[in-house]
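Q: Once you've had a glance at the structure underneath, I'll fire off some questions.
The values are calculated or read from the model by the stated rules, or taken from the named source; none is laboratory data. The structure displayed is predicted, hence computed values, not measured ones. Note: accessible area is taken over every heavy atom of the protein model, side chains too, but ligands, DNA and RNA are not part of it. Shrake-Rupley method; radii C 1.70, N 1.55, O 1.52, S 1.80 Å.
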Amino acid sequence: QVQLVESGGGLVQPGGSLRLSCAASGSISSINIMRWYRQAPGKQRELVATITSGGSTNYADFVKGRFTVSRGNAKSTVYLQMNSLKPEDTAVYYCNSIGPGSAWGQGTQVTVSS
């Protein structure tokens, strides 16, 4: 089994930056894909960014050029660098791992407001 813990959320002004972290533990070697999702109040959860075990990345159109997903050297941590944040980026951000099974973190709140 894999356990995921997100951190790094908070309150930031429009145009600002935040870096989210997702720390994985447990059967890390079984993870094939790591994803970041977000869910705003009253809206469905949506996919933000993906990184594969080979290092390939993919982004939702609404974050391309602003967000960057990466992995730490130990590959047990995945980051989401968020720049040029907008109020519409306000949401709870979740980390998701896909291997033989799927795991989710508890989420971290990101609020973009002046």
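Q: Rounded if a/c is under 1.5, else prolate if a/b is larger than b/c, else oblate: which is region 61-114, with a ≥ b ≥ c the root eigenvalues of its Cα gyration tensor? All intermediate terms of the calculation are to be shown ahead of the outcome.
A: Working: a/c = 2.23, a/b = 1.61, b/c = 1.39.
Note, shape of region 61-114 comes out prolate.
Q: Then there is this: Convert each backbone phi in region 65-74 into a coupling constant with the Karplus relation 6.51 cos²θ - 1.76 cosθ + 1.60 (shift: θ = phi - 60°), then list the ³J(HN,Hα) values in order as whole Hz, x for Gly and Pro.
A: With coefficients 6.51, -1.76 and 1.60, one gets x, 10, 10, 9, 9, 8, 10, x, 4, 7 Hz.
Q: Considering Cα pairs under 8 angstrom that are at least six residues apart, work out the relative contact order of the chain and quote it in whole percent. Provide the component values of the computation, followed by the final result.
A: On the way: 280 pairs, mean separation 43.3, N = 114.
It rounds to 38 percent for the chain.
Q: Any idea what % of Cα-Cα pairs in region 10-63 are farther than 16 Å? Each step should come with its number before you reach the end.
A: On the way: 844 of 1431 pairs.
Considering region 10-63, 59 percent of its Cα-Cα pairs are separated by more than 16 Å.
Q: Hey, another quick one. Send over a whole-number figure in Å² for the accessible area per residue of region 39-114, probe 1.4 Å.
A: Accessible area per residue: 53 Å².
Q: Throw me the Rg/Rh for region 16-114, computed over C-alpha atoms with Kirkwood Rh, two decimals.
A: Details: Rg = 13.0 Å, Rh = 13.7 Å.
Ratio value, two decimals: 0.95.
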